[in-house]
Amino acid sequence: MNQATYDVIVIGTGPGGEGAAMKVAKEGRRVAVVEALPEVGGNCTHRATIPSKTLRQVVQQLTEGASLNGVQYPDLLKSARGVINKQVAMRRGFYERNRVDIIHGRAVFSDANTVAVTRPDGNKVSYSARAFVIATGSRPYRPSDVDFQSPRICDSDTILDVQHSPRSLTVYGAGVIGCEYASIFRSLGIKVNLVNTRSQLLSFLDDEIIDALSYHLREQGVLIRHDEQYERIEADDRGVMLFLKSNKRIHSDYLLWAQGRTGNSDAMGLAEIGVEVNERGSIVVNENYLSTVPHIYAVGDIVGHPNLASASYDQGRFAATHLLFDGCEYRLGIIPTGIYTIPEISSIGRTERELTQDRVPYEVGHSHFRHLARAQITGRTSGMLKILFHRDTLEILGIHCFGAQAAEIIHIGQAIMAQPGAANTLMYFVNTTFNYPTMAEAYRVAALNGLNRVT
Ligand SMILES: Cc1cc2nc3c(=O)[nH]c(=O)nc-3n(C[C@H](O)[C@H](O)[C@H](O)COP(=O)(O)OP(=O)(O)OC[C@H]3O[C@@H](n4cnc5c(N)ncnc54)[C@H](O)[C@@H]3O)c2cc1C
């Protein structure tokens with residue numbers, strides 16, 4: 001058992017771990033990352049964000065070019081593999097250039113300052129550090145009564161191993177991951193059933209956006225069933241039968257289980273060293289991402305909400321700053337949501353429902369993409385941007401967008417919302433000249449539309 005000592009050991013090389021490791025390294029401290037997978041990048045790169053977004057992009061391009069003929073799901077997976085390899089090479093380069101040691105293997109705490117890492121060859125090596133950042137991410141939740149050994153029953157990890165195009169797919173769970181995969185598979189011409197355990201799709205979104213998403217998914221041919229719960233799931237060589245408590249049965253070639261995730265906190269020796277973990281497997285942290293042990297931080301999916309790669313990276317940087325300087329002036333601001341259904345969705349700030357509940361006197365301004373020159377030129381006319389603002393102060397309170405490039409467009413509004421005091425104002429969009437024709441013009445149109453309502 002060798003022994004090496006570091007200032008900081010980061011466990012996990014997803015966005016959370018990378019953000020933390022880079023910050024510590026750039027401050028000149030000795031840092032190592034431990035990674036259980038054979039390559040760096042985390043689940044984000046290998047099983048989650050990167051492959052799913054690549055599949056989605058390729059499908060969308062093919063659909064828009066009307067050249068989907070003969071394209072099979074495994075062809076899309078090859079494209080994803082290409083992007084994954086580029087991401088891994090780039091991220092490995094970051095660690096190497098910043099002299100961060102990469103230790104491959106699974107880490108378990110043997111005491112509060114030491115991890116035992118089981119290397120791929122089975123050997124165990126111990127490493128010590130003065131501080132730790134745990135960024136071990138999450139995995140799909142697998143209930144014990146669903147047979148994930150069957151090749152016909154997948155989760156968001158194993159759907160990437162399916163080696164032919166199904167003719168039909170049932171997606172159980174209509175959260176972000178379920179809706180995104182329903183969009184991808186439907187766009188490939190595959191019959192999709194989307195089974196929602198709740199009464200609405202993505203109920204955290206603004207109602208108008210939820211309605212638009214439901215309309216577009218149905219229009220594309222996705223069969224959505226709300227308020228359903230599984231009773232049992234049976235799979236054989238020919239497909240999967242989903243038995244619902246409502247007595248319905250849904251048969252399809254494959255079933256994608258997209259209902260919940262669990263934090264990767266088990267079997268890490270956390271309880272033994274006093275790191276508190278909640279019932280969902282998430283490590284309990286304070287506002288500085290510090291766990292219940294004063295030199296052990298945790299960031300990313302392992303701490304639960306918002307379970308986004310974007311936020312995980314920043315959490316890693318902020319935790320590392322706090323660790324190094326015993327304080328951090330940064331805080332995660334309002335985090336935007338990007339949902340890569342087809343069409344895509346993005347939003348930031350409060351919804352009409354929330355503002356109404358809080359009795360905030362707000363107004364709304366709309367811009368429909370079909371009226372924008374840029375959208376007409378590109379042929380992507382389906383979509384809408386809406387701005388919610390305070391009717392007295394004109395402060396922007398929320399922005400909700402669906403349609404082509406929504407996840408990019410949202411950042412223009414985010415930049416104005418992040419301005420302090422009176423600088424966060426709808427008037428920015430009225431008084432600023434934007435390039436023409438652009439999708440950004442939607443902000444000017446929506447702002448003028450809203451202003452008309454208050455004057
Ligand atoms: C299908 C899907 C699509 C998504 N799409 C988006 C999106 O579009 N945008 C977005 O912002 N987010 C998206 N997410 C969420 C995003 O992927 C996660 O929020 C992000 O990966 C979390 O990063 P992380 O650093 O916490 O950990 P992860 O990326 O989960 O990485 C954790 C790493 O820790 C390693 N590890 C675990 N335990 C140990 C151990 N004991 N020892 C050593 N190593 C260990 C794992 O091998 C893994 O590599 C998506 C998620 C899924 C499932």
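The values are calculated or read from the model by the stated rules, or taken from the named source; none is laboratory data. If you're wondering where the values come from, they're calculated on a predicted model, not measured in any experiment. Don't worry about glycine lacking a Cβ; one is built from the backbone with ideal geometry, like all the others, and counts go over all protein chains shown. Keep in mind that these areas ignore ligands, DNA and RNA; they rest on the heavy atoms of the full protein, side chains included. Shrake-Rupley method; radii C 1.70, N 1.55, O 1.52, S 1.80 Å.
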> Inside region 279-291, can you point out the residues that are of a type in the set (A, V, I, L, M), within 13 Å of the ligand (Cβ to nearest atom) and either part of a loop (DSSP other than H, G, I, E, B) or open to solvent by 30 Å² or more (accessible area, probe 1.4 Å) (or both)?
Replying inline: Val285
> From Val88, Val33, Val8, which residue is surrounded by 17 or more Cβ atoms within 10 Å (Cβ to Cβ), over 18 Å from Gly137 (Cα atoms) and more than 8 Å from the ligand (Cβ to nearest atom)?
Replying inline: Val8
>> Looking only at residues that are in contact (Cβ under 8 Å) with a residue 24 or more places away in the chain and on the phi > 0 side of the Ramachandran plot in region 36-69, which one is surrounded by the fewest Cβ atoms within 10 Å (Cβ to Cβ)?
In response: Gly41
> How many residues are within 7 Å of the ligand (Cβ to nearest atom) and open to solvent by 20 Å² or more (accessible area, probe 1.4 Å) when one looks only at region 304-318?
Replying inline: 4
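Would you please name the residue that is surrounded by the fewest Cβ atoms within 10 Å (Cβ to Cβ), looking only at residues in region 210-257 that are polar (S, T, N, Q) and within 16 Å of Gly189 (Cα to Cα)?
If we filter region 210-257 for residues that are polar (S, T, N, Q), which is where we start, we get 214, 220, 229, 246-247, 252.
Subsequent filtering for residues that are within 16 Å of Gly189 (Cα to Cα) retains 220, 252.
Details: Gln220: 15, Ser252: 21.
So the residue we want is Gln220.
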> Is at least one residue of region 301-318 among the basic types (Lys, Arg) and under 23 Å from the mean Cα position of the chain (by Cα)?
Replying inline: yes
> Are any of the residues in region 200-215 under 23 Å from Gly65 (Cα atoms), in contact (Cβ under 8 Å) with a residue 60 or more places away in the chain, part of a helix (DSSP H, G or I) and under 20 Å from the mean Cα position of the chain (by Cα)?
Replying inline: yes
> Conditions: (1) at positive phi; (2) in a helix (DSSP H, G or I). Asn307 meets all but one. Number of the miss?
Replying inline: (2)
>> Looking at (1) open to solvent by 10 Å² or more (accessible area, probe 1.4 Å); (2) within 14 Å of the ligand (Cβ to nearest atom); (3) in a loop (DSSP other than H, G, I, E, B), which one does Asp301 not meet, given that it meets all the others?
In response: (3)
>> Between a residue in region 261-278 that is more than 21 Å from Gly105 (Cα to Cα) and more than 11 Å from the ligand (Cβ to nearest atom) and any residue that is of a type in the set (D, E, K, R) and open to solvent by 50 Å² or more (accessible area, probe 1.4 Å), which pairs come within a Cβ distance under 9 Å, given they are 6 or more apart or on different chains?
In response: Val277/Asp266
> Among (1) surrounded by fewer than 22 Cβ atoms within 10 Å (Cβ to Cβ); (2) in contact (Cβ under 8 Å) with a residue 60 or more places away in the chain, which single condition is Pro294 missing?
Replying inline: (2)
> Residues Thr321, Thr378: which one is open to solvent by less than 80 Å² (accessible area, probe 1.4 Å), out of contact with any Leu (no Cβ under 7 Å at 6 or more places or on another chain), hydroxyl-bearing (Ser, Thr, Tyr) and touching a residue at least 60 places away in the same chain (Cβ under 8 Å)?
Replying inline: Thr321
> Which condition number does Gln57 fail, the rest of (1) farther than 22 Å from Ala258 by Cα; (2) within 14 Å of the ligand (Cβ to nearest atom) being met?
Replying inline: (1)
> Of all residues in region 118-142, which are assigned to a strand (DSSP E or B), under 21 Å from Cys44 (Cβ atoms) and open to solvent by less than 30 Å² (accessible area, probe 1.4 Å)?
Replying inline: Phe132, Val133, Ile134, Ser138, Pro140
>> For region 167-187, give me each residue that is over 19 Å from the mean Cα position of the chain (by Cα) and either within 12 Å of the ligand (Cβ to nearest atom) or at pLDDT below 95 (or both).
In response: Ser187
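Go through region 17-35 and report how many residues are on the phi < 0 side of the Ramachandran plot and free of Cβ contacts under 8 Å to residues at least 40 places away in the same chain. Write out each step before concluding.
Taking region 17-35 first, the residues on the phi < 0 side of the Ramachandran plot are 17-27, 29-35.
Among the residues that remain, those that are also free of Cβ contacts under 8 Å to residues at least 40 places away in the same chain are: 30.
Residues meeting the conditions: 1.
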>> For region 12-30, give me each residue that is touching a Lys or Arg at 6+ places or on another chain (Cβ under 9 Å), within 11 Å of the ligand (Cβ to nearest atom) and assigned to a helix (DSSP H, G or I).
In response: Glu18, Gly19, Ala20
> How many residues are polar (S, T, N, Q) and either more than 15 Å from the ligand (Cβ to nearest atom) or modelled with pLDDT under 95 (or both) when one looks only at region 322-355?
Replying inline: 1
> List pairs: first in region 100-114 and under 16 Å from Glu18 (Cα atoms), second open to solvent by 50 Å² or more (accessible area, probe 1.4 Å) and more than 9 Å from the ligand (Cβ to nearest atom), Cβ under 7 Å, 6+ apart or cross-chain?
Replying inline: His104/Pro38; His104/Arg119; His104/Pro120
>> Return the residues of region 423-455 that are in a loop (DSSP other than H, G, I, E, B) and open to solvent by less than 60 Å² (accessible area, probe 1.4 Å); say none if nothing qualifies.
In response: Asn424, Thr425, Leu426, Thr432, Phe434, Pro437, Thr438, Met439, Ala440
